[in-house]
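To start, the structure under review is shown below, and the notes come after it.
Where a number appears in this text, it was derived from the coordinates with a stated rule and is not lab data. Values in this document were obtained by computation on a predicted structure and should not be read as measured data. Methodologically, a virtual Cβ is constructed for each residue, glycine included, from the backbone with ideal geometry; neighbour enumeration extends over all protein chains shown.
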Amino acid sequence: MPSAHMLVPAVLAVSLLTCAAPEPAPVIPVLPSVPSTPGAVPPRPNGACPPDSPDKYEELLAAMRREEATHTHVVPEHDTRFGAVVCKAKQGVWRDPTGQVRACTVARPVTVSGIDIGADAYTLFHANGHPWQTHVAHPITWKTAAGVVVPCAADLVVFSKTGALEHCKLHRPMVLDGVACRAGESVAFHPGGRLWAATIDAPVLALGITFPEGKRLSWHEDGSFAGAYVTEPWEIQGFVVRSDVKVHPNGKLAEIVLAQPRDLAGQSFPAGAKLRFRADGTLQRADYVSKRGFMIHGEPWSDTVHLTFDCHEKVVESHTEHFQADHAPHPPKR
């Protein structure tokens with residue numbers, strides 16, 4: 001089975017308010033935010049540190065890997081039928097212990113659970129046979145877990161095991177949970193039906209910042225702001241950041257990538273360092289490349305430092321991961 005990191009997160013459903021139409025003065029949704037002081041460590045009674053909450057996404061990936069370990073893999077010499085699906089020759093087929101196909105490249109168009117799968121679509125299936133992730137042959141309209149009908153383009157789609165829409169590329173602009181979502185970009189939904197992620201088609205105010213249209217934003221299941229993807233350096237809550245910015249439901253930063261060096265918790269972190277914070281604002285983890293270079297024959301190498309901090313922002317675990325490529329990078333083909 002392919003690595004869980006290659007799979008689209010199981011994102012999920014929402015309330016459709018109206019079709020998005022251009023307005024001369026769009027209302028900017030205001031999402032809750034909580035001011036924070038970078039590096040401020042709250043007082044701890046008796047100096048005790050409560051156990052850190054497990055990362056739900058990492059737990060999900062671990063569960064997926066355990067399940068994948070039970071699957072068998074074959075590469076058939078000829079197109080092979082498994083129930084309604086014909087899997088393509090010389091492409092990998094993964095099956096679970098019951099014999100159910102869980103992943104393969106579909107050799108010809110087929111309709112499964114009312115979903116029209118296109119030829120050559122690499123498709124993952126739930127244990128009950130429902131398509132999980134695939135490419136549809138033509139634009140479709142499909143309901144989320146909240147019963148919202150969403151127009152999806154002929155592109156990647158993701159469904160829950162019960163058949164609810166979790167992710168697709170919008171065929172037309174929509175307003176979902178009060179957020180104008182851009183056509184031609186993907187939207188994702190939480191299991192209960194609320195909007196998880198979208199590219200916005202009108203400004204959104206969150207964390208005291210007005211995010212302009214075209215930004216990719218995300219929300220928690222309770223509707224609070226969950227994060228943004230920023231391609232250029234932005235200052236957010238006292239940090240200059242880039243790439244993925246994740247936010248706790250209380251409005252404090254959860255995870256950032258530094259766009260410029262920063263001293264914090266008695267450490268000096270370079271640009272590119274990924275920092276993870278607890279919901280109270282204390283630094284929990286840091287990962288950054290400390291050294292990099294090339295071997296005598298051009299093979300790139302790097303040393304990545306991983307630090308874990310307790311609730312007093314003292315280092316409790318530290319290790320360095322060394323990577324060295326087997327070959328030098330090939331020059332681009334002309």
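For Ala226, the residues whose modelled amide H falls within less than 5 Å of its own, excluding neighbours fewer than 5 places apart on the same chain, are Ser218, Trp219, His220.
State to the nearest 20 debye the size of the charge dipole of the range 88-145 about its Cα centre, where the only charges are +1 on K and R beta carbons and -1 on D and E beta carbons. Working shown, then result.
Numbers: 6 positive and 3 negative charges, 23 e Å.
With Lys and Arg at +1 and Asp and Glu at -1, about 120 debye.
Apply the Debye scattering formula to the range 58-106, with a single equal point scatterer on each alpha-carbon and no solvent, then give log10 I(q)/I(0) at q = 0.14, 0.16, 0.29 Å⁻¹. Here the Debye-derived log intensity ratios amount to -0.37, -0.47, -1.03. Compared with the direct C-alpha span, the chain from Thr111 to Asp55 gains 16.5 nm at full extension, assuming 0.36 nm per residue. Considering only Cα-Cα distances, which of the following residue pairs are longer than 20 Å: Lys56/Lys252; Lys90/Lys161; Lys215/Lys246; Lys143/Lys246; Lys169/Lys215? As for pairs spanning more than 20 Å Cα to Cα, those are Lys90/Lys161; Lys143/Lys246. Dividing the summed -39500 (n - 2.57) terms of all DSSP H runs of n ≥ 4 by the residue count of the chain sets its mean residue ellipticity at 222 nm at -1000 deg cm²/dmol. Here the dipole of the range 203-334 is about 360 debye; that uses its Cα centre as origin and unit charges on the Cβ of Lys and Arg (positive) and Asp and Glu (negative). When the Cα gyration tensor is reduced to axis lengths a ≥ b ≥ c, the ratio a/c is 1.5 or higher for the range 176-243, and with a/b above b/c it is classed as prolate. For Thr105, the residues whose modelled amide H falls within less than 5 Å of its own, excluding neighbours fewer than 5 places apart on the same chain, are Lys88, Thr123. A simple count of charges around Pro139, restricted to other residues whose Cβ falls under 13 Å of its Cβ and scoring Lys, Arg +1 and Asp, Glu -1, yields 0.
How much length is gained on full extension from Thr210 to Thr308, taking 0.36 nm per residue of separation minus their Cα-Cα distance? If you can, show how the numbers build up before the last one.
Numbers: separation 98, 0.36 × 98 = 35.28 nm, distance 3.27 nm.
So the chain would gain 32.0 nm between Thr210 and Thr308.
Toward the positive end of the charge dipole of the chain, with +1 on the Cβ of Lys and Arg and -1 on the Cβ of Asp and Glu, the farthest Cα among His306, Pro50, Phe189 is that of Phe189.
The modelled label-to-label distance for the pair Phe323/Val75, using points 7 Å beyond Cα in the direction of Cβ, is 2.6 nm.
Would you please give the FRET efficiency between Gln260 and Ala63, computed as 1/(1 + (r/R0)^6) with r the Cβ-Cβ distance and R0 = 41 Å, to the nearest 0.05?
Numbers: r = 37 Å, r/R0 = 0.90.
Efficiency at R0 = 41 Å is approximately 0.65.
For the range 209-334, the residue among Gln267, Phe211, Gly223 whose Cα projects farthest onto the positive side of the dipole built from Cβ charges is Phe211. When the Cα positions of Leu283, Phe294, Val241 are compared along the charge dipole of the range 206-334, Phe294 comes out farthest toward the positive end, with charges on each C-beta of Lys, Arg, Asp and Glu. Taking the Cα centre of the chain as origin and assigning +1 to Lys and Arg Cβ atoms and -1 to Asp and Glu Cβ atoms, the resulting dipole is close to 460 debye.
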